[in-house]
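Down below is the structure, laid out as structure tokens.
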Amino acid sequence: MAVGRNSSGTGRMILLILIGAALGTLVGFGLDKYGIFAPFLKPAVIDFPSHTYFDFFFLSLSFGFRLSITSATLIGALGGYMLSRKW
């Protein structure tokens with residue numbers, strides 16, 4: 001690290017939010033397996049199909065993604081954000 005540079009903590013905050021979301025998803029899958037809070041753990045799916053193309057005359061790109069978010073994921077991401085604000 002260069003001398004005299006202050007780190008803003010943005011990268012750390014994003015990392016903690018993603019870790020919190022991942023842990024929240026794991027806890028949500030565990031609770032869903034046993035039927036606890038099952039109505040609240042149904043995923044909201046954002047799907048951008050993989051047959052989406054950008055076709056230039058010299059290059060053809062195709063991409064897509066699927067994002068599945070549950071309430072446990074949002075709670076975990078919020079916990080990660082709160083942790084990053086204290087840390």
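What follows is calculated from the coordinates using simple rules that are stated; it is not laboratory data. Here the structure is a predicted model, which is why all the values come from computation and not from measurement. Backbone-built Cβ (ideal geometry, glycine too); neighbour counts: all protein chains shown.
Please identify the chymotrypsin sites (Phe, Trp or Tyr not before Pro) of region 1-82 that satisfy two criteria: DSSP loop assignment and at most 14 other Cβ atoms within 10 Å. Which are they? The partial results should precede the final answer.
Numbers: sites: F29, Y34, F37, F40, Y53, F54, F56, F57, F58, F63, F65, Y81; in loops: Y34, F37, F56, F57, F58.
When the chymotrypsin sites (Phe, Trp or Tyr not before Pro) of region 1-82 are filtered for loop state and at most 14 Cβ neighbours within 10 Å, Y34, F37, F56, F57, F58 remain.
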### Query
At a Förster radius of 22 Å, what calculated FRET efficiency corresponds to the Cβ-Cβ distance of W87 and A22, to the nearest 0.05?
0.80
### Message
Helix-only estimate, please: 222 nm mean residue ellipticity of the chain, summing -39500 (n - 2.57) across DSSP H runs of length 4 or more and dividing by its residues, to the nearest 500.
### Response
-16000 deg cm²/dmol
### Summary
Here the net charge surrounding M13, from other residues whose Cβ is less than 15 Å away from its Cβ (Lys, Arg +1; Asp, Glu -1), is +3
### Message
Classify the chain from the C-alpha gyration tensor, please: rounded if a/c falls under 1.5, else prolate or oblate depending on whether a/b exceeds b/c.
### Response
oblate
